[in-house]
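Student: My structure is below; once you've seen it, I'll send some questions.
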Amino acid sequence: MRALLISKWTKVAVFLFCLIPFCDLVWRIIKSNLGANRVEFLQHATGDWTLRFLVFTLCITPFRKLFKLPDLIRFRRMLGLFAFFYVCLHFLTYLGPDQAFDLSAMWKDVAKRPFITVGFAAFVLLIPLAITSTTGWIRRLGGKRWQLLHRSIYFAAVFGVVHYYWLVKSDVRKPLFYGGLVAILLLWRLGGWLSKRRSQAPVGVAAPRVSVSG
Ligand code: HEM
């Protein structure tokens, strides 16, 4: 398994796999096969893939630990950057066809519609993560600060789910499904963090005894 995970061809294969949704969209655009509402189709497909890639990225750490596959880390950056790639496409399908590239109209919409506000907040949170995803930036920021900054992916995923939940009109099953996945992945981390804190607490430091006998 390790040989497979560290092979450069596996990385190439994962990269190509991540490009499939994009190629599918390009193919559909060429073939004019986007259904009755083309913009809605593109918005939904890119939104769905953003959320899926956020979940894939969040799965890496638990999977590394649960299945004892530390080399899975090789794919985390790629998956995170693909989440960012799809959210950029998602944002463009909104900014272009929806808002006609009118930035002032976009700001008004961001301020007016709560589901757009949280979606936009999630997008903004992902920008510094994409910029600082390189080894150079890890060195520049230092491991601890870099890790702290990259925890904002948790908020981006939660905001993404809230955005989805708020925008659907009736059938909330899909947003709830993603919400459940994100909740499990975040609770798993919280559990790990709490047990680490407990194990690091100083042992044998008892409260000072008060002697009544003087
Ligand atoms: C991490 C960030 C984001 C995630 C995870 C996300 C996810 C999603 C998902 C899952 C959908 C629905 C797909 C479906 O119905 O199958 C969606 C729809 C949509 N999103 Fe996002 N989104 C994000 C950011 C944004 C941003 C930044 C904007 C615009 C500023 C935006 C605007 C929209 C719009 C306009 C729709 C379609 C709404 C409708 O059909 O009425 N999203 N998004």
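The values are calculated or read from the model by the stated rules, or taken from the named source; none is laboratory data. All values reported here derive from a predicted model rather than from experimental measurement. A quick note on method: Cβ atoms are made from the backbone with ideal geometry, for glycine too, and the neighbour counts reach across all protein chains shown. All accessible areas refer to the heavy atoms of the entire protein, side chains included, with ligands and DNA or RNA removed. Shrake-Rupley method; radii C 1.70, N 1.55, O 1.52, S 1.80 Å.
Student: Over all alpha-carbon pairs in the stretch 70-120, figure out the percentage whose distance exceeds 12 Å.
Tutor: Working: 889 of 1275 pairs.
Looking at the stretch 70-120, the distances longer than 12 Å represent 70 percent of pairs.
Student: Can you give the longest run of the chain that contains no chymotrypsin sites (Phe, Trp or Tyr not before Pro) sitting in a DSSP loop with at most 13 other Cβ atoms inside 10 Å?
Tutor: Values: sites that count: F67, F101.
The longest uninterrupted stretch comes out as 102-214.
Student: Beyond 17 Å, what share of the Cα-Cα pairs of the stretch 158-198 remains, rounded to the nearest whole percent?
Tutor: Numbers: 336 of 820 pairs.
When every Cα pair of the stretch 158-198 is considered, 41 percent fall beyond 17 Å.
Student: Considering all alpha-carbon pairs of the stretch 31-117, what whole percent are spaced by more than 23 angstrom?
Tutor: 40 percent
Student: Oh, and also: Could you tell me which of the pairs K8/K196; K11/K196; K11/K31; K8/K65 are separated by over 26 angstrom between their Cα atoms in the structure shown? Provide the component values of the computation, followed by the final result.
Tutor: Values: K8/K196 34 Å; K11/K196 32 Å; K11/K31 30 Å; K8/K65 22 Å.
Over 26 Å apart, Cα to Cα: K8/K196; K11/K196; K11/K31.
Student: Hull surface divided by four, with the convex hull built on the Cα atoms of the chain: how many nm²? Spell out each step's value before the answer.
Tutor: On the way: hull surface 78.4 nm².
Average projection, Cα convex hull of the chain: 19.6 nm².
Student: Please identify the helices of the chain, taking whole runs of DSSP H, that span at least 20 Å along their own axis as judged from the Cα atoms and have a mean Kyte-Doolittle score of 1.0 or higher. Intermediate values should be presented prior to the final figure.
Tutor: Values: long enough: 8-30 (32 Å, 1.43); 38-66 (42 Å, 0.37); 76-93 (26 Å, 1.23); 114-131 (26 Å, 2.38); 152-167 (22 Å, 1.31); 173-200 (40 Å, 0.10).
Length and hydropathy pass: 8-30, 76-93, 114-131, 152-167.
Student: On the protein heavy atoms, probe 1.4 angstrom, tell me the percent of accessible surface of the stretch 142-182 carried by carbon and sulfur. Write out the running numbers ahead of the final one.
Tutor: Values: 1820 of 2710 Å².
The C+S portion of the solvent-accessible surface of the stretch 142-182 is 67 percent.
Student: State whether the stretch 1-72 is rounded, prolate or oblate according to the following rule on the C-alpha gyration tensor (a ≥ b ≥ c being the square roots of its eigenvalues): a/c under 1.5 gives rounded; otherwise a/b larger than b/c gives prolate, and the remaining case gives oblate.
Tutor: Values: a/c = 5.78, a/b = 2.07, b/c = 2.79.
The shape class here is oblate.
Student: Measuring with a 1.4 Å probe in the full set of protein chains, what accessible area per residue, in whole Å², belongs to the chain? All intermediate terms of the calculation are to be shown ahead of the outcome.
Tutor: Numbers: 14150 Å² over 214 residues.
Using a 1.4 Å probe on heavy atoms only, each residue of the chain averages 66 Å².
Student: Another one. Can you give me the % of accessible surface on the stretch 29-110 that is carbon or sulfur? Probe 1.4 Å, all protein chains present, nothing else counted. If you can, show how the numbers build up before the last one.
Tutor: On the way: 2900 of 4470 Å².
Within the stretch 29-110, the accessible surface is 65 percent carbon and sulfur.
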